[in-house]
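So the structure is just underneath, and the comments pick up after that.
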Amino acid sequence: MTQSIYDIPVKTIAGESISLNQYAGKVLLVVNTASKCGLTAQYEGLEKLYQAKKDQGLEILGFPANNFKGQEPGTDEEISSFCSLNYDVHFPLFSKISVTGNDQHPLYAQLIKAQPQTTGEGSMRERLNGLSIETTEAPEVLWNFEKFLVNKQGDVVGRFAPDITADDPRLVEAIDAELAK
């Protein structure tokens, strides 16, 4: 039997050990984030999406990661402060983890195994390669701000490329479809 993502231990950005079980019954958007990335402004759209849909049962879970060109060098306290001061983030943030490589967090291993295909993946990979930036091999997480959609039962039902923003119709429609179930 495959372990549920609800069973995988994580730490909040404040350092509290929890499981994602407290989010059972909600639709989750799990995002690996970074404070010094060209995509960092996505925090704004993610917060707007969270405020618009949290009362319908959406939780956005931000997992800072420093896997891509050192774009999340800060401590958990610095990351929390940055997100609060610059983007007024209210969605849950977690302790910095690794989303790829030998030290990959079990949550991300499970997310990738459950959803190896990424919607909208090609253009971002091409842009990074065009900038001579070494990228991971699929199905690994490509870059900061990749998004995994998890249904109310804890099943990974979607995965979206880093450059698919929070207001992209493909993402919004997928979230709305899960919220309606």
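Using only Cα coordinates, the Kirkwood hydrodynamic radius of the range 5-180 works out to 16.0 Å. The GNM of the chain, with springs linking C-alpha atoms under 10 angstrom apart, assigns the highest mean-square fluctuation among Leu128, Leu149, Leu171 to Leu128. Annotation for Gln117 and Lys181: the two label points, set 7 Å from Cα along the Cα-Cβ direction, are 1.6 nm apart. Each residue of the range 52-58 was assigned a 3J(HN,Hα) from its phi angle through the Karplus expression (A = 6.51, B = -1.76, C = 1.60, θ = phi - 60°), giving 6, 10, 5, 6, 8, x, 8 Hz with x at Gly and Pro.
In a DSSP loop and with at most 14 other Cβ atoms within 10 Å, the GluC sites (Glu not before Pro) in the range 64-156 are Glu134, Glu137. In the elastic network of the chain, a GNM with C-alpha springs shorter than 10 Å, the most mobile of Lys147, Lys96, Lys11 is Lys11.
No lab work stands behind these numbers, since they all come straight from the coordinates. Note that the structure is predicted; figures quoted are calculated from it, not measured. When we count neighbours, we look across all protein chains shown, and the Cβ atoms used for this are built from the backbone with ideal geometry, even at glycine.
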